[in-house]
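Quick notes on the structure that follows.
Every read-out reported here was derived from the displayed coordinates using simple, explicitly stated rules and does not represent laboratory data. For clarity, every value in this text was computed on a predicted model and none was experimentally measured. Methodologically, a virtual Cβ is constructed for each residue, glycine included, from the backbone with ideal geometry; neighbour enumeration extends over all protein chains shown.
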């Protein structure tokens, strides 16, 4: 998972617009290929018609930042609730591997639903919910920015990537010789028992 290094507005209700920006950011940082396999990236956000939790559900599989550090796992899931909002275990780094620490468009509440009236492309273009890119409960819904034309970064996550749990992957040192395999549906990770699964949420914002 990452934060985009560049900013984007929040005026569109089309989630594909934000997905394209997340993919563009990943391409610019060389994050669309791993060990010869293509890795696709998607925005972690909500519009009126697309909920973030439907795009990336809670899972037993850990979610990592671009430095390989765990952000969320079974004990600390990405989606919480109003009484128990969750927080990243460490910083969600940018697609360039740096710390951002500023506002990020999300349009999303703590359970992963569109934030009422302030989803991406909010009601009457009246603005959207933003998170604050620090490892606190405000990472997802910190405040509302009423100017949807402001250029804030976005959170992005990849298709699931599986790698050998140990070793260099050549099968000669007990490392399993695993290959990297993008998996389109995070819930299907339960089928992968012989390798460690890694999901990277990447975002790269421009400095505030």
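Evaluate E = 1/(1 + (r/R0)^6) for residue 67 and residue 143, where r is the Cβ-Cβ distance and R0 equals 25 Å; express this FRET efficiency to the nearest 0.05. It comes out at approximately 0.35. Taking segment 1-28 and a reference point 7 angstrom along Cα→Cβ of residue 125, the backbone N atoms nearer than 11 Å belong to 10-13. Counted by neighbouring Cβ atoms within 10 Å, the residues 38, 94, 137, 66 run from fewest to most as 38, 137, 66, 94. Computed from label points 7 Å out along Cα-Cβ, the spacing between residue 33 and residue 60 is 3.4 nm. Note on residue 90 and residue 113: the extension gain reaches 6.0 nm, defined as 0.36 nm multiplied by sequence separation minus the Cα-Cα distance. Over all pairs of different C-alpha atoms in segment 63-161, the reciprocal of the mean inverse distance, the Kirkwood hydrodynamic radius, equals 13.8 Å.
As a proxy for reagent exposure, 32, 108, 136, 116 were ordered by neighbouring Cβ count within 10 angstrom, fewest first; the result is 116, 136, 32, 108.
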